[in-house]
Amino acid sequence: MGEPEATPENATLLQGFEWNVPADGKHYQRLCNAIPGLKAIGINNIWLPPGCKASSPEGNGYDVYDLYDLGEFDQKGSRATKWGTKEDLMSLSKKAREEGVGLYWDAVLNHKAGADKTEKCKVVEVDGNDRTKTICDPYEIEAWVGFDFPGRGDTYSKQKYHWYHFTGTDFDAATEKKAIFKIVGENKGWSDSVDKEQGNADYMMFADLDYAHDEVINDVKAWGAWVVKEVGLKGFRLDAVQHFSERFTNEWIEYVQEKCGDDVFFVGEFWVGGTELLTKWLDKMGHKFSLFDAPLLYNFSRLSTTEDADLRTVFDNSLVKAKPVNAVTVVMNHDTQPGQTVATPVEGFFKPLAYSLILLRREGYPSVFYGDLYGIKGEHAEPPSCGGKLPDLILARKLYAYGEQDDYWDQKNCI
């Protein structure tokens, strides 16, 4: 008889950054040095920060300027990104491969920022609370929508961006007026395959990419396959998925998998408290996809800030309960850390419970936050969570969280 097959090791994801890591261009080096230790405690994959060139050297990458500049070209005030140079990134990739750790790229595909020049285009203003309502007649503005990428030229991609590659913007350089401007013209308009937040969620910030334009579609598809092969990626975290075309997202995933293999992993950020909205979205995506379990995170927040909380309700209406295979479970991430936009505080005393609930259970794919593992810097500084014992919980998952699972829901303060 042959040897019995080994149990596959539990997978654990680390979000490999927090909002306030130093803008010293050395973060990739820090991660590279940390990888052997992370692998030893049970981290299998690392979600990298958005590493495409931002609109400034301090930019965290959500203000994305050039998808094809990974810290290689002198653009927007530096060659490196906030996180480091492309050489640092490739060293990190090599080390991850040697240690058997996968890397996920934080892909910011909704918009572009830091344009090289203004261009004149016709627009209408829309109601900030209902983007489907036009509040003026068309008129001309001078918008920051011209992208020439002078530092990179035609390397990797010849595509340049002009006003007709975007659906909207928020600033008129001629009058310095701020508003939400919908660009008008042939085949122009908000996408009809986005969330209904504020009437239509297509416009979020900066210059909003038009995924009905063939040149945009082809360039961003090509980038997806290029970056997987260039960096040696195992997956993607997609930023703000409810704000850009579901149709395009499906096409993009199919293209990347066709070029790079069916095992490329995709998880999307969709911050809503309602599981029904998330499951509907997953159904449309054909389940090639996972989402962060925002409803579970809201439950953690509620339980940690309510005096008479009932722990038995922790998984009520959570994505991990509805779609365990498609749920990436979190206690905190860069969006929810103090000072950021999504206010879901999980009190420090509750974090050991919350991490136990995602790390030591069968269902879900847990994501550990860099700021909880190493501490948070900046104005809202915090020490490592769980009294510094979070590595022990991750290791306990690696070593022991297997086999049958029985839950006992007898008391409201003890599972």
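Need the full-extension length gain, Thr175 to Asn413, defined as separation in residues times 0.36 nm minus the C-alpha distance. One decimal, nm. Show your work: numbers first, answer last.
Values: separation 238, 0.36 × 238 = 85.68 nm, distance 5.87 nm.
Full-extension gain reported as 79.8 nm.
Counting other Cβ atoms within 10 Å of each Cβ, which trypsin sites (Lys or Arg not before Pro) in the range 189-267 have at most 12 and sit in a DSSP loop? Walk me through the numbers on the way to the answer.
Numbers: sites: Lys196, Lys221, Lys229, Lys234, Arg237, Arg247, Lys259; in loops: Lys196, Lys234.
Answer in residue order: Lys196.
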Restricting to bridges with both residues inside the chain, how much of the DSSP beta-bridge set is antiparallel, in percent to the nearest 5?
55
Ratio of alpha-carbon Rg to the 2.2 N^0.38 Å globular estimate for the range 83-200, to two decimals, please.
1.40
Taking the chain and dividing mean pair separation by its residue count, relative contact order in percent (alpha carbons under 8 Å, at least six apart):
15
Could you tell me the largest-minus-smallest coordinate of the C-alpha atoms of the range 18-91 on each of the three principal axes, in descending order and whole angstroms?
38, 22, 20
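On alpha-carbon atoms, Rg over Rh for the range 213-356 using Kirkwood Rh?
Details: Rg = 17.0 Å, Rh = 16.6 Å.
Ratio value, two decimals: 1.03.
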Taking the dipole of the range 30-95 about the Cα centre (Lys, Arg +1; Asp, Glu -1; charges at Cβ), the one of Thr85, Cys32, Ile43 that reaches farthest to the positive side is Ile43
Integer Hz, Karplus 6.51/-1.76/1.60 couplings in order for the range 44-53, x for Gly and Pro
9, 9, 10, 7, 6, x, x, x, 7, 4
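Taking every DSSP beta bridge with both residues inside the range 1-123, roughly what % is antiparallel (nearest 5)? Walk me through the numbers on the way to the answer.
Working: 4 of 10 bridges.
Restricted to the range 1-123, the bridges split so that about 40 percent are antiparallel.
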Dipole-positive endmost among Pro366, Cys386, Phe149 within the chain (Cβ charges, Cα centre):
Cys386
Whole-Hz couplings from phi, Karplus 6.51/-1.76/1.60, listed for the range 179-192; x for Gly and Pro
6, 9, 9, 8, 6, 10, x, 5, 6, 9, x, 5, 5, 9
Would you list the P(r) distribution for the range 251-329, with all Cα-Cα distances sorted into 5 Å bins from 0 and each bin expressed as a whole %?
3, 16, 24, 19, 14, 11, 6, 4, 3, 1, 0
Please enumerate, by chain and number, the lysines with C-alpha under 29 Å from the C-alpha of Lys412, excluding those fewer than 8 residues away in the same chain.
Lys321, Lys323, Lys351, Lys389, Lys398
Of all DSSP beta bridges in the range 170-295, what percent run antiparallel (nearest 5)?
25
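With every protein chain kept in place and ligands, DNA and RNA left out, what is the accessible area per residue of the chain? Probe 1.4 Å, answer in Å². Before the final figure, lay out each step's value.
On the way: 17770 Å² over 415 residues.
Result: 43 Å² per residue.
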With the label point 7 Å along the Cα-to-beta-carbon line of Glu186 and a cut-off under 20 Å to each amide N, the hits in the range 102-135 are 120-124
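Run the accessible area of the chain with a 1.4 Å probe and give the carbon-and-sulfur part as a rounded percent. Mind dumping the intermediate values first?
Values: 8810 of 17770 Å².
The value for the chain is 50 percent carbon and sulfur by accessible area.
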For the range 264-333, with +1 on Lys and Arg beta carbons and -1 on Asp and Glu, the positive-most of Ala327, Thr306, Phe265 along the dipole:
Phe265
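So if the hydrodynamic radius of the range 170-270 is defined as the Kirkwood radius over C-alpha pairs, what does Stokes-Einstein give as its diffusion coefficient at 37 °C and 0.692 mPa s, in µm² per second?
Working: Rh = 15.1 Å.
My calculation gives 217 µm²/s for D.
Using the Cα centre as the reference, give the magnitude of the dipole from point charges on the C-beta atoms of the chain (Lys, Arg: +1; Asp, Glu: -1; all else neutral), rounded to the nearest 20 debye.
740
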With +1 on each Lys and Arg Cβ and -1 on each Asp and Glu Cβ, how big is the dipole of the range 1-143 about its Cα centre, in debye rounded to the nearest 20?
280
Inter-probe distance in nm under a simple model that places probes 7 Å from Cα toward Cβ, at Val272 and Leu395:
4.2
Size of the range 270-415 along its principal axes in angstrom, Cα-based, largest extent first?
40, 35, 33
Using the Karplus curve 6.51 cos²θ - 1.76 cosθ + 1.60 with θ = phi - 60°, work out ³J(HN,Hα) for each residue of the range 142-152 in order, rounded to whole Hz, and write x for Gly and Pro.
10, 10, 7, 9, x, 10, 9, 6, x, x, 9
Scaled radius of gyration (Cα, divided by 2.2 N^0.38 Å) that the range 184-224 gives:
1.26
The range 257-307-the range 370-390 distance, computed between alpha-carbon centres (Å)
24
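Looking at this model, which pairs from Lys86/Lys288; Lys280/Lys377; Lys39/Lys158; Lys259/Lys284 are more than 27 angstrom apart at the alpha-carbon?
Numbers: Lys86/Lys288 30 Å; Lys280/Lys377 37 Å; Lys39/Lys158 39 Å; Lys259/Lys284 22 Å.
Beyond 27 Å between Cα atoms: Lys86/Lys288; Lys280/Lys377; Lys39/Lys158.
The values are calculated or read from the model by the stated rules, or taken from the named source; none is laboratory data. For clarity, every value in this text was computed on a predicted model and none was experimentally measured. Every residue, glycine among them, receives a Cβ derived from its backbone with ideal geometry; neighbour counts consider all protein chains shown. For the accessible areas, the whole protein counts, side chains as well, though only heavy atoms, and no ligand, DNA or RNA atoms are used. Shrake-Rupley method; radii C 1.70, N 1.55, O 1.52, S 1.80 Å.
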